[in-house]
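Below is one structure; the comments refer to it alone.
The values are calculated or read from the model by the stated rules, or taken from the named source; none is laboratory data. Quantities reported herein were computed from a predicted structural model and do not represent experimental measurements. All Cβ positions, glycine included, derive from the backbone under ideal geometry; neighbour counts span all protein chains shown. Just so you know, the surface numbers come from the protein's heavy atoms only, side chains and all, with ligands and any DNA or RNA stripped out. Shrake-Rupley method; radii C 1.70, N 1.55, O 1.52, S 1.80 Å.
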Amino acid sequence: MRQQIHGTVVLLKWTILILAIFFLCLASEAGSADDRIFFSAEINGKPVRLAFDTGSSLPALFLPSVQRLGLKYDPAPTNASLAPGRVPFRQTEEFTLRWESTDIRTRFCIFDAPTSLHADFDGVIGWSCAATNIIEIDAEGHSVDFPDELPEQVATWIKFPLRTNSSILEFEVSERDHTNKIVQVDTGFSGGVALRPDNWRQWKSSHTNQPSTLYAFFMPASGVSVVEEAWAKKLVLGPLVLTDVPVSKATPTQQEQDIGTEQFDATLGFAALKRMDLIVDGAHGMAYLKPKTTRPPAYQHNRLGAVFVPADLQSVTLLAHVLDGTPAYEAGIRNGDELIRINNRDISHWRTDPDIHPNLTFRENPAGTKFILTLKRGGEMIETTVILQDILAPEKTKQ
């Protein structure tokens, strides 16, 4: 793995950075902000915290971290014409990365996130840094291991061929119609299984009694998106059968990432990876999976059933998106309501104050927690009390 990081020095000069499904989520993201795998390292002798992101193609640092480390970097291009899901390419000067007692001379790409996204880490180690290794991903334990040999027990696991020419972690799945589809593995996405739209519609139509909630996230190409999320007791992807996983519709950027919409089948996020054992043999181009049948861990989700997001990246106003039948809807919140206060706290400075995470409140607090929300609808101020509920959980159904 260390050799592969060193090898990206040349690759970086010719590649436009793909960060389309590096989910820099807003406070209302699916799952938990802790649902990532982190490495501790040093850059030029200064400590950094890097996330292992199999959905990102190359190693990258956030611009504030680059500035904190005192690294020189390329200016942003002013005339770049980019396809959807891609951001302008920039990179740091060459530096010394110290990782696991090994010094590596390398460069990282730069991601200039909006100031409203407050990351608690410095950057990512992308899939290209690890693609030729044997890797054991333990999502439930928030760790990865790099065994020297393939463990014997994988002989009984389900195996899938990797897309070895892909810039992110992907494998091929044979569907019932004898076509091969692509499944992405994205440790940077804390949700469950994101299905291509036709499969999501089919799943929804056959599970009308399953409650849903919403989450919101930011992508470089498309800005802020709001996605519906439900709970699947059983989900089939070719020969892979997963139980008790969150499920949602894939975004257009996810579908187009590296392969195009026709081949795309699904993206497996961190919550889905917790429901399986996964070992990737990059050297021989195979992925080995063993689904878990144990009771799933609690899933941190939006227990309000509504999210408050700006209309665009420049707007300060937070507008409601609400699902029928959720705690938010029952409390009288409707689409388009402007969020003014949570309890007695003014949230108008959410862009500049890292302590204000209006949507995070409805995910991290347990069921039964009460909030008084002050909203603006037209010219009228409305005050309502909401009580959070567990919406996504095993065997949860609409009453």
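Determine which member of the set Val66, Val9 is among the β-branched types (Val, Ile, Thr), touching a strand residue (DSSP E or B) at 6+ places or on another chain (Cβ under 6 Å) and modelled with pLDDT of 50 or more.
The conditions single out Val66.
Condition check ((1) modelled with pLDDT under 95; (2) surrounded by fewer than 20 Cβ atoms within 10 Å (Cβ to Cβ); (3) assigned to a strand (DSSP E or B)) across all residues:
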residue: Val224; (1), (2), (3): yes, yes, yes
residue: Glu228; (1), (2), (3): no, yes, yes
residue: Ala232; (1), (2), (3): no, no, yes
residue: Val241; (1), (2), (3): no, yes, yes
residue: Asp244; (1), (2), (3): no, no, yes
residue: Ser248; (1), (2), (3): no, no, yes
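Could you check the range 140-161 and list, in sequence order, the residues that are open to solvent by less than 40 Å² (accessible area, probe 1.4 Å) and under 21 Å from the mean Cα position of the chain (by Cα)?
Result: Val144, single match.
Give the number of residues within the range 165-204 that are assigned to a loop (DSSP other than H, G, I, E, B) and closer than 12 Å to Thr267 by Cα.
Total satisfying the criteria: 10.
Pairs, please: C-beta under 7 Å, at least 6 apart or cross-chain, first residue part of a helix (DSSP H, G or I) and in the range 132-159, second surrounded by 17 or more Cβ atoms within 10 Å (Cβ to Cβ)?
Final answer for the pair search is Val154/Ile279; Val154/Tyr288.
In the list Ile158, Ile137, which residue meets the criterion of being at pLDDT 95 or above, touching a Pro at 6+ places or on another chain (Cβ under 8 Å) and hydrophobic (A, V, I, L, M, F, W, C)?
From the options Ile158, Ile137, the qualifying one is Ile158.
I'd like to check something: does the range 202-217 contain any residue that is over 21 Å from Trp231 (Cβ atoms) and modelled with pLDDT under 95?
No, the range 202-217 has no match at all.
Taking the condition of being modelled with pLDDT of 95 or more, open to solvent by 10 Å² or more (accessible area, probe 1.4 Å) and under 18 Å from Thr164 (Cβ atoms), how many residues in the range 263-280 meet it?
0
Take the residues in the range 289-300 that are modelled with pLDDT of 95 or more and in contact with a Leu (Cβ under 7 Å, 6 or more places away or on another chain); name whichever of them is surrounded by the most Cβ atoms within 10 Å (Cβ to Cβ).
Leu289
Give all pairs with beta carbons closer than 6 Å in which a residue from the range 45-58 that is more than 21 Å from Leu268 (Cβ to Cβ) meets a residue that is of a type in the set (D, E, K, R) and open to solvent by 10 Å² or more (accessible area, probe 1.4 Å); count only pairs at least 6 apart in sequence or on separate chains.
Close Cβ pairs satisfying both conditions: Val48/Asp122; Arg49/Asp122.
Within the range 39-58, track down each residue that is assigned to a strand (DSSP E or B) and of a type in the set (S, T, N, Q).
Hit for the range 39-58 is Ser40, nothing else.
Only residues that are surrounded by 15 or more Cβ atoms within 10 Å (Cβ to Cβ) and either closer than 15 Å to Pro211 by Cβ or among the small types (Gly, Ala, Ser) (or both): list them for the range 363-389, please.
Passing the criteria: Leu388, Gln389.
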